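Engineer: This is the structure I want to talk about, given as structure tokens.
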Amino acid sequence: MYLESGIPESIYNRVRLLHKKWQDTGKGEIRFVNNMSYHGKVYLFWQPNQQGNDELKSAVLGSANLSVLAPLGSVARQYELATTITNSNQLHELSTHIENLKTSCTVSATNLNNFR
């Protein structure tokens, strides 16, 4: 979606800041699909297990836009839908799929020049 129409500056700036914060603290990253118009979102949540290794605990699949990060994002009336996944087999399948997408059709939020 943003590849075609561009990312509004307020969202672009907030995404870059949040991505940097997550990268600096080892919490995660934000990636954008760069080869098609795509509206869906996937959020993966990892947590250290008793051995100290990160373990995928849950995922949220939905349509919530990054516009909620913009100053007026919470005021605008836009309804979204999402579901939470906690089944370990489904989480493993989703994680594998996301890793494949990361190398084939996404770009990190540190490199969004084509989206502006």
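Engineer: Show the residue pairs meeting these rules: Cβ distance below 8 Å; 6+ apart or different chains; first residue within the stretch 16-35 and under 20 Å from ALA59 (Cβ atoms); second residue among the basic types (Lys, Arg) and outside any loop (DSSP other than H, G, I, E, B).
Structural biologist: As it stands, the answer is LYS27/LYS21; ARG31/LYS102, since those pairs meet every condition given.
Engineer: Would you check if SER5 is of a type in the set (Gly, Ala, Ser) and modelled with pLDDT of 75 or more?
Structural biologist: Spelling it out, it is not the case that SER5 is of a type in the set (Gly, Ala, Ser) and modelled with pLDDT of 75 or more.
Engineer: For the stretch 55-89, name all the residues that are at pLDDT 85 or above, not in a loop (DSSP other than H, G, I, E, B) and not aliphatic (A, V, I, L, M).
Structural biologist: GLU55, LYS57, SER58, GLY62, THR83, THR84, SER88, ASN89
Engineer: Here's another thing I want to ask about it. Could you please tell me which pairs satisfy a Cβ distance under 8 Å, a separation of 6+ or placement on different chains, a first residue in the stretch 60-89 that is under 18 Å from ILE30 (Cβ atoms), and a second residue that is at pLDDT below 60 and surrounded by 11 or more Cβ atoms within 10 Å (Cβ to Cβ)?
Structural biologist: ASN65/GLY73; SER67/GLY73
Engineer: Continuing with this model, one more query. When the stretch 5-29 is examined, which residues are found to be of a type in the set (Val, Ile, Thr) and part of a helix (DSSP H, G or I)?
Structural biologist: ILE11, VAL15, THR25
Engineer: Restricting the stretch 8-23 to residues that are open to solvent by less than 60 Å² (accessible area, probe 1.4 Å) and either at pLDDT 85 or above or among the aliphatic types (A, V, I, L, M) (or both), which is farthest from LEU44 (Cα to Cα)?
Structural biologist: ILE11
The values are calculated or read from the model by the stated rules, or taken from the named source; none is laboratory data. All values derive from a computational prediction rather than experimental measurement. Reconstructed Cβ throughout: ideal geometry from the backbone, glycine too, with neighbour counts over all protein chains shown. Note: areas computed on protein heavy atoms with side chains; ligands, DNA, RNA excluded. Shrake-Rupley method; radii C 1.70, N 1.55, O 1.52, S 1.80 Å.
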